[in-house]
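The values are calculated or read from the model by the stated rules, or taken from the named source; none is laboratory data. Worth saying up front: this structure is predicted, and the values here are computed from it rather than measured. FYI the Cβ positions are ideal-geometry reconstructions off the backbone, even for glycines, and counts take in every protein chain you see. The protein model used for the area step is the full one, side chains on, heavy atoms only, and it has no ligands, DNA or RNA in it. Shrake-Rupley method; radii C 1.70, N 1.55, O 1.52, S 1.80 Å.
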Amino acid sequence: MPSRPELTYDTYITGLSVVARHKSTSLRKTRAAADRRVAPAPRAETMTEQAYRLIEEQIVTLRLKPGDILSEQMLSAGLRIGRTPIREALQRLAREGLVTILPRKGILVSDLNPRNQLLLLEVRRELERLLSRAGAERATAEQRDKLVAVADGMDRAARTNDDIAFMRLDRALNQLMVEAAHNDYAARSMKLLQGLSRRFWYMHYREAADLPLCARLHADQARAIANGDRTAAARASDKLMDYVESFTRATVSM
């Protein structure tokens, strides 16, 4: 698969949202001013955040495979990022379960276990529903624009069966949902699950998944949140989790 240019989260989603912004103009005008929050200006990605994003994507998309042994020096040279941001990114990835830091030996890319994934989904289902409902209520106008942009991108990924575009949009949607919910406790919990979930999907989707269907379910969830309908957002979240669970169970049986 040809390599694609790396994009920062803000640049990627802001570019998409320009296309979709006119679709949500009427929605913003009808919402009461009291329901709106002022969105902070986009900030530049730190070196640690950049290192985390690049390494996480390589792990999730299996360019760094389960069982691979990494080193700070190797990652620093490959990504052209200093060792301190690499070290901080690896510590975050370790907290999320994607790597294990072995003192004086290196960094081990964690293995995958389908049965553990089912346990993870029990927690993710409840968090996903909570974040979807809260986001529908609390998202800023800018976040709603970006959610519509992600939904449009998911529709394109469904039509083209583009797995890398889907993975990047999935990460963007996860981050938007966390930000739009304005609940730090739910955000911290959800961040521990997202990378593990995307990596499991990427490893097994060719065998057991319907990528276009999954992309459309993500698009439905993003639009429901953008529209401010907490009931529809929770329903869309449950439909997505039903599908993800059935996919995971099929993988276990295989």
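For trypsin sites (Lys or Arg not before Pro), the sites in the stretch 105-212 that DSSP calls loop and that have at most 10 other Cβ atoms within 10 Å are Lys105. For Lys65, a cut-off of 18 angstrom between C-alpha atoms picks up these aspartates and glutamates, skipping any fewer than 8 places away in its own chain: Glu56, Glu57, Glu96, Asp111, Asp163, Glu207. Centre-to-centre separation between the Cα atoms of the stretch 50-102 and those of the stretch 145-175: 24 Å.
Computed over protein heavy atoms with a 1.4 Å probe, the accessible surface of the stretch 131-217 works out to 35 Å² per residue. Along the Cα→Cβ direction, 7 angstrom out, place labels at Asp155 and Glu207. What is the inter-label distance in nm? For the pair Asp155/Glu207, the computed spacing is 3.4 nm.
From the square roots a ≥ b ≥ c of the eigenvalues of the alpha-carbon gyration tensor of the stretch 117-254, which class results: rounded (a/c under 1.5), prolate (a/b over b/c), or oblate? Numbers along the way, then the final one.
Details: a/c = 1.83, a/b = 1.31, b/c = 1.40.
Taking the square roots of the gyration eigenvalues as a ≥ b ≥ c, the stretch 117-254 is oblate.
From largest to smallest, the equivalent ellipsoid semi-axes obtained for the stretch 56-141 from the alpha-carbon gyration tensor read 30, 18, 11 Å.
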